[in-house]
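The values are calculated or read from the model by the stated rules, or taken from the named source; none is laboratory data. Given the structure is predicted, the values throughout are model-derived calculations rather than measurements. Cβ placement follows ideal geometry from the backbone for every residue including glycine, while neighbour counts extend to all protein chains displayed.
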Amino acid sequence: MQTSIIRAEQIEKYYAQPSENRIQVISPTDLSIVPGQIVALLGPSGSGKSTLLRMLTGLSEPSAGQVYWHEKPVATADMNVSIVFQSFALFPWLTVLENVEAPLKARGMEVAERRRRTLAILDTVGLDGFQAAYPKELSGGMRQRVGFARALVVEPEVLFMDEPFSALDVLTAENLRSELLELWQKKTIPTQAIFLVTHNIEEAVLLADRIIVLGRNPGRVRTDFEVGLTHPRDRKGPAFHQLVDYIYKVLTQPEEQPPELPQTNGGQPVRAAIHKQYQMLPHARPGGVAGLLELLEDHSGKYDMYRLADDLAFEIDHLLPIVDAAQMLGFLTVTEGAAVISPLGAEYANSEILRQKELFRESAIEHVLLLRQIVRAIEAKSDHTVSEDFFHDMLDEQFTEEETIRQLETAVNWGRYAELFDFDASRRRFVQAEKLHAQAEPFVESGV
């Protein structure tokens, strides 16, 4: 059995609440990083990808469990890791040379040695000749090269990357991926393992030797498998498409046991977490749901998720919330990696606006607990208004503060569209849909 460089044992992240409850961000997780592998971590927004990365690098302490560096607790170990971030995170007042030298200078390395290593890594990543340039003079791709050079100049044993290509245009990102893979395969860099956080499924299948897919609420490993494809990988080949399609199935069926891997590439999927009281409302607008359903109708009611994302030029994080919302409302199902419109969804797509609102309203009341509770609370109050804080206090027992705010914003958006209720922003209260309009009528009638 190969010895791990980094090994996480039952690590979890949670935030204590004033009550006995706590907000679970990452459920107890075992994970290891071994030499000779590129590991890709995938998952929808809010699944805790970056939180897990920070715990593995020692930047954040787990709430429970332990992370080991060569079998020593990270608190007592001398870790040798680097991180490449999504934002370029360069010092704008320093030249390219000075930016890359910065971590070596912080370690107290002699001037001559750090200059030698810096110039060598600049040449390796294609920045030779740009030593005296400042970040503002560089394109996005060149600035990210500086980020790679700065991470690699310390010769890390493990290189961590947190969505390093997502801020770049398509062609630049593709070029950098190819160059990184070439450096890795030719062993031009001394790095023993790479850990990549990404939301791009194709990127993961293209680069990684092993892929881990997280579910959310709380974050947990849904599947962890090795990619049995040799390099260079053919994006148009059937094996590549099968793996991409498999990952789409895992991501779009969060409450089901993951399907079996194509060609039994290995890895044992785990069951999804037990359903909680409140569903996590996907942060999608009703207009996006309507547009998706109309698109499905135009394609005979069925569209392969992989091809849908590709045709729309959508990243998975942009497409999934819309699909999740439509699925939650009963307008479509995701089967074998394809979005299939339901009879209700077909009726919605072919209806006039008022009928669409009616169908959305009926589905929201039936399927979404939070919206149902808001409506009932408004009906139960004599003044037919309810404070936002009432639902905020219930939601923050389950979600983080940031997510609680986003859940309420989505609920307001859906509720207003469906005319289930309105929201008085000045008083932060949910009100009956017609109440705000009724309050305005005397002013209109009096001519004010």
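Tabulated data
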read-out	value
Selection count where residues are at pLDDT below 90, under 23 Å from ILE212 (Cβ atoms) and either part of a loop (DSSP other than H, G, I, E, B) or of a type in the set (S, T, N, Q) (or both), scope the stretch 144-166	4
Filter result for GLU362 (exposed (fewer than 15 other Cβ atoms within 10 Å of the Cβ) and at pLDDT 90 or above)	yes
Flag if ALA346 is modelled with pLDDT of 90 or more and in contact with an Asp or Glu (Cβ under 8 Å, 6 or more places away or on another chain)	yes
Residue check for LYS302: in contact with a helix residue (DSSP H, G or I) (Cβ under 9 Å, 6 or more places away or on another chain) and closer than 22 Å to ASP245 by Cβ	yes
Identity of the residue in the stretch 5-60, hydroxyl-bearing (Ser, Thr, Tyr) and over 29 Å from TYR248 (Cα atoms), that ends up surrounded by the most Cβ atoms within 10 Å (Cβ to Cβ)	SER60
Tally of residues being of a type in the set (D, E, K, R) and over 19 Å from ARG428 (Cα atoms) across the stretch 362-391	2
Candidate set from the stretch 42-60 (those that are assigned to a helix (DSSP H, G or I) and of a type in the set (A, V, I, L, M)); member that is nearest to GLU163 (Cα to Cα)	LEU53
In the stretch 360-398, the residues that are of a type in the set (Val, Ile, Thr) and free of Cβ contacts under 8 Å to residues at least 60 places away in the same chain	ILE365, ILE374, VAL375, ILE378, THR385, VAL386
Condition check for GLU174: assigned to a helix (DSSP H, G or I) and within 30 Å of GLU315 (Cα to Cα)	yes
Residue within the stretch 90-110 that is within 26 Å of the chain's Cα centre (by Cα) and buried (at least 16 other Cβ atoms within 10 Å of the Cβ) present	yes
Residue satisfying all of: in the stretch 327-359; free of Cβ contacts under 8 Å to residues at least 40 places away in the same chain and part of a helix (DSSP H, G or I); surrounded by the most Cβ atoms within 10 Å (Cβ to Cβ) among these	LEU359
Matching residues, the stretch 287-326, being on the phi > 0 side of the Ramachandran plot and either surrounded by fewer than 14 Cβ atoms within 10 Å (Cβ to Cβ) or not in a loop (DSSP other than H, G, I, E, B) (or both)	SER300, ALA313
Yes/no for MET109 being in the same structural domain as VAL221 (by TED's automatic domain parsing) and without any contact (Cβ under 8 Å) to a residue 40 or more places away in the chain	yes
Residue within the stretch 65-74 that is modelled with pLDDT under 90, under 13 Å from ARG150 (Cα atoms) and in a loop (DSSP other than H, G, I, E, B) present	no
